[in-house]
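Undergrad: Pasting a structure here, questions to come.
The values are calculated or read from the model by the stated rules, or taken from the named source; none is laboratory data. What you see is a predicted model; the values in this text were computed from it and never measured. Note that we place each Cβ from the backbone using ideal geometry, even for glycine, and neighbour counts take in every protein chain shown. Note: areas computed on protein heavy atoms with side chains; ligands, DNA, RNA excluded. Shrake-Rupley method; radii C 1.70, N 1.55, O 1.52, S 1.80 Å.
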Amino acid sequence: MDPRFSLEQGTGIYTGNELIVKGALESQVGVITGYPGSPLAELFETLENNKDLFNEHGIVAQIANNEALAAARLNGSQMEGIRALGVMKSVGLHVAADGLALGNMVGASPSGGVLIAVGDDTWSEGTQVPADSRFLSQHLYIPVLEPATFQEIKDWIGHGFELSRRSGLYLTYLVTSNQADGGGSVTVYPNRFAALNRKQRIALDTSTICSDDRVIIPPATAHKEREVVHQRYPRLWQLAREAGINQILYPPSNGPKPLGFITSGLAYSYLEHALHILGLTGHFPILKLGITYPVDPHMIARFADCVQTFCVVEEKRAFIEPQIAAELARQKELGSALWGKRFPGNTPGFPDIQGLHPSLIVQTLARLFVALDAELPIDREKLQAELNSLAPVNSTATVPPRAPSFCPGCPHRDSASVLKKAAADLAAPPDGQAPIDLVFHGDIGCYSMLKYAPFSELMHNLSGMGLGGGTGAGIDPFIDNKQLVFMGDSTFFHTGMIAISDSIKNGQDITYIILDNKTTAMTGHQPTPGVDVDVLGKPTFAQDIEKAVAGLAGDSPTFIARMDPSQRQNYDALVRKTLLRDGVKIIIADKECGITYHRRERASQSANA
Ligand code: SF4
């Protein structure tokens, strides 16, 4: 057990992921559930490393088969006063959306609370689609809470639960990559544990459940919509004001200032950094929003009294800015200019793609300061010196490109090598035989690296987690090619088995190679339903992929085989024979992940030394 997670006072150093866990421990969390994905995958490692603490206090920590099931767990937890924390990456929020939308409409328990910690990979360094979960949260009517500092990342877990239970709303707890992976020193408080937990159970009294409240189907939906927008949102704003979640920093003492900033989350920290570099700390009022959806109109009105011109500093597309514009228009304050993604003269403002950093803010502010014809407290010389220091450096050094690649001993390398050779042979057969052009549908896992050399011909498309077979279904009725998809064991349990069922139902001509490496490798080796232990080290039933697919296949002619892909010759023969058959074929490539294998070997060697 890591002693930092039992610290009761003083300061400790944590990563952003760890701070979410420590914040949950300080806030009587009852259940943490979700599905691992960057930038929040490390959070599950933190749970594993502290399993004794969690088990001792009966806190539930479960990796769900997928994010939709995690969302459903959050909903179920609100049948009682349980504080529930969901954890997922931005694309996981896509998967969870349905359950979260309904759960939020039904509402958080007045003695519980739901936070959905979502990790946004702002710079798209490890996520297949650009991440900005604020928009999806808004679509789901779920408010967005954005901590800015490391202290807030921890402490706002507790505030978030309070806001959730007292407003009756779920809250998206937005953390970006640099916050999750970065780290800092924070003040800690004692852990507080929930009275209702895995060890202290109760009998749920179903006579107290009002199904009209908990089961939302039309016509109740329209009523709930009204309640959310007209009652719960205003309640949330009031609670946020009381808790100081939205703050006006550096308010003017004698009349409005010519310029003020509206910002949130990490963009706030970057803005403060940039202003510090320019010697401008405290010179401009800043509206630091903790809740970026729905933006509190009262705070906008108060801030409008502080400044003549607004500039919104936010990462990615304008999300806060249109809310501010709409509110200013409603309050008839649009005489005061609003800048953000566009600057005076309709010139480009802050970028609407990817993220921000302090240097980028300095460079962008410089253009705004020049464009604004106002008395600003700018030290022009200092500004120019800073811009000079940020000017591109002429360099002849070139960095060799380096694509990601499978680890030594990786089982996927066995499968990929065999398929690469088989595909080449089938495409150029000996004289007289018709060539076969294999179509490879992509999926999500370590094997997404098939996209890169030397295996790039083994991935022709990508739809998302567990969707390789489904992508094949879109083209299968129109082509004669043999088709194939690689799928990991976690992906199989996430959504992949549904794709196999769909393929069998529709008579697709496709070979599934299920890479059963006994772990969720890509996100840091979390347990899967196929192993006999859970994230807290408790024994669980290990589900057998072969039996599961046999159950799906039933009496259909679906071909199923299992083999260790490192037996290259036999595996090669099996693959070639299988993919030429008609219909759905399944090969389970049974070999442990190279990393977990070598870790285990090293541990046993040192134990025996
Ligand atoms: S983590 Fe495991 S499965 Fe992933 S590339 Fe490395 S060896 Fe292969």
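Undergrad: Kindly establish whether LEU419 is within 16 Å of the ligand (Cβ to nearest atom) and aliphatic (A, V, I, L, M).
TA: Details: within 16 Å of the ligand (Cβ to nearest atom): yes; aliphatic (A, V, I, L, M): yes.
Yes; evaluated as a whole, the condition is true for this residue.
Undergrad: Taking the criterion of being outside the structural domain of VAL60 (by TED's automatic domain parsing), surrounded by 16 or more Cβ atoms within 10 Å (Cβ to Cβ) and within 15 Å of ALA416 (Cα to Cα), would at least one residue in segment 576-587 satisfy it?
TA: So far as segment 576-587 goes, yes, one or more of its residues are outside the structural domain of VAL60 (by TED's automatic domain parsing), surrounded by 16 or more Cβ atoms within 10 Å (Cβ to Cβ) and within 15 Å of ALA416 (Cα to Cα).
Undergrad: Exactly one of (1) surrounded by 10 or more Cβ atoms within 10 Å (Cβ to Cβ); (2) within 30 Å of the chain's Cα centre (by Cα); (3) of a type in the set (A, V, I, L, M); (4) modelled with pLDDT under 95 is unmet by ALA220. Its number?
TA: (2)
Undergrad: Might you let me know whether segment 434-443 holds any residue that is within 16 Å of the ligand (Cβ to nearest atom) and in the same structural domain as MET487 (by TED's automatic domain parsing)? Break it down stepwise before answering.
TA: Residues of segment 434-443 that are within 16 Å of the ligand (Cβ to nearest atom), as a first pass: 442-443.
If we keep only those that are in the same structural domain as MET487 (by TED's automatic domain parsing) too, we end up with 442-443.
Yes: one or more hits.
Residue by residue, here is whether (1) away from the ligand (no atom under 16 Å from the Cβ); (2) free of Cβ contacts under 8 Å to residues at least 60 places away in the same chain holds:
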| position | (1), (2) |
| --- | --- |
| ARG342 | yes, yes |
| ALA366 | yes, yes |
| ALA371 | yes, yes |
| VAL393 | yes, yes |
| ALA403 | no, yes |
| GLY409 | no, no |
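Undergrad: Another one. Can you list the helices (runs of 4 or more DSSP H) found entirely within segment 374-490 that contain at least 3 residues being at pLDDT 95 or above?
TA: So the answer is 411-427, 468-475.
Undergrad: Among the numbered conditions (1) among the polar types (S, T, N, Q); (2) in contact with a Gly (Cβ under 6 Å, 6 or more places away or on another chain); (3) more than 17 Å from GLY92 (Cβ to Cβ), tell me where GLN28 comes up short.
TA: All conditions pass for GLN28, except number (2).
Undergrad: Moving on. Return only the number of the condition from (1) in contact with a strand residue (DSSP E or B) (Cβ under 8 Å, 6 or more places away or on another chain); (2) crowded, with 17+ Cβ neighbours inside 10 Å; (3) farther than 20 Å from GLY507 by Cβ that THR471 does not satisfy.
TA: (3)
Undergrad: Of the conditions (1) surrounded by 15 or more Cβ atoms within 10 Å (Cβ to Cβ); (2) within 16 Å of the ligand (Cβ to nearest atom); (3) over 13 Å from ILE513 (Cβ atoms), TYR452 fails just one. Which one is it?
TA: (1)
Rundown of residues vs (1) of a type in the set (D, E, K, R); (2) within 16 Å of the ligand (Cβ to nearest atom); (3) assigned by TED's automatic domain parsing to the domain that holds MET465; (4) not in a loop (DSSP other than H, G, I, E, B), yes/no style:
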{"site": "MET522", "(1), (2), (3), (4)": "no, yes, yes, no"}
{"site": "PRO529", "(1), (2), (3), (4)": "no, no, yes, no"}
{"site": "LEU536", "(1), (2), (3), (4)": "no, no, yes, no"}
{"site": "PHE541", "(1), (2), (3), (4)": "no, no, yes, no"}
{"site": "GLU546", "(1), (2), (3), (4)": "yes, no, yes, yes"}
{"site": "VAL549", "(1), (2), (3), (4)": "no, no, yes, yes"}
{"site": "LEU552", "(1), (2), (3), (4)": "no, no, yes, yes"}
{"site": "ASP555", "(1), (2), (3), (4)": "yes, no, yes, no"}
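Undergrad: Scan (1) over 30 Å from ILE13 (Cα atoms); (2) in a loop (DSSP other than H, G, I, E, B); (3) polar (S, T, N, Q); (4) open to solvent by less than 40 Å² (accessible area, probe 1.4 Å) for the single condition ASN197 breaks and write down its number.
TA: Failed condition: (1).
Undergrad: Kindly evaluate LEU74 against the criterion of being in a helix (DSSP H, G or I), open to solvent by 40 Å² or more (accessible area, probe 1.4 Å) and at pLDDT 95 or above.
TA: no
Undergrad: Residue by residue through segment 510-529, note down the ones that are open to solvent by less than 20 Å² (accessible area, probe 1.4 Å) and either among the polar types (S, T, N, Q) or under 19 Å from GLY37 (Cβ atoms) (or both).
TA: Once the filter is applied, which keeps residues that are open to solvent by less than 20 Å² (accessible area, probe 1.4 Å) and either among the polar types (S, T, N, Q) or under 19 Å from GLY37 (Cβ atoms) (or both), segment 510-529 yields THR511, LEU515, ASN517, THR519, THR520, ALA521, GLN526, THR528.
So that you can scan it fast, the table gives a plain yes or no per residue for (1) open to solvent by 40 Å² or more (accessible area, probe 1.4 Å); (2) more than 15 Å from CYS311 (Cα to Cα):
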position	(1), (2)
GLY340	no, no
ASN346	yes, no
GLY349	no, no
ALA366	no, no
PHE369	no, no
GLU375	yes, yes
ILE378	no, yes
GLU381	yes, yes
LEU387	yes, yes
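Undergrad: Now a separate question. Which residues, taken from segment 206-249, are in a loop (DSSP other than H, G, I, E, B) and under 14 Å from LEU289 (Cα atoms)?
TA: GLY244, ILE245, ASN246
Undergrad: Sticking with this structure for a sec: Could you tell me which of the residues PHE310, PHE303, PHE350 is in contact (Cβ under 8 Å) with a residue 12 or more places away in the chain and more than 19 Å from PRO251 (Cβ to Cβ)? Please lay out each step first, then the result.
TA: Numbers: PHE310 fails: more than 19 Å from PRO251 (Cβ to Cβ); PHE303 fails: more than 19 Å from PRO251 (Cβ to Cβ).
Exactly one residue qualifies, and that residue is PHE350.
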